[in-house]
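K.L.:
I have a structure here, written as structure tokens, and I will follow up with some questions on it.
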Amino acid sequence: MKRPLHELVGEEVLVETGDVSYRGVLREVTEERVCLRARTGWREIPMARVVAIRGVEPEPGGRSDHFSLPSKK
């Protein structure tokens, strides 16, 4: 069963466009854009490019919006 997008806010998702897939925690969905918090930073994807948004299991080691700084040696 498909879930409404508002139920995916705050969860890890995969956003697919015609040529790229983005993985991260869904933060906002508007008529114009999709905002994700990914491991490498924030991503804003124009809604016109989005083909699919689906929930995924969190990556091993925790959710992608939880970061740990490398230890200084």
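K.L.:
If Lys and Arg each add +1 and Asp and Glu each add -1, what is the summed charge of the other residues whose beta carbon sits under 14 Å from the beta carbon of P46? Mind showing how you got there, number by number?
P.N.:
Working: positive: R33, R43, R49; negative: E16, D19, E28, E31, E32, E44.
Net charge around P46: -3.
K.L.:
Need one number: the % of Cα-Cα pairs in segment 5-55 sitting beyond the 13 Å mark.
P.N.:
Every Cα pair in segment 5-55 considered, those over 13 Å come to 48 percent.
Values quoted throughout were computed directly from the atomic coordinates according to the rules given, and no laboratory measurement underlies them. Model, not experiment: these values are computed from the prediction. So basically every Cβ, Gly included, is an ideal-geometry build from the backbone, and we count neighbours across all protein chains shown.
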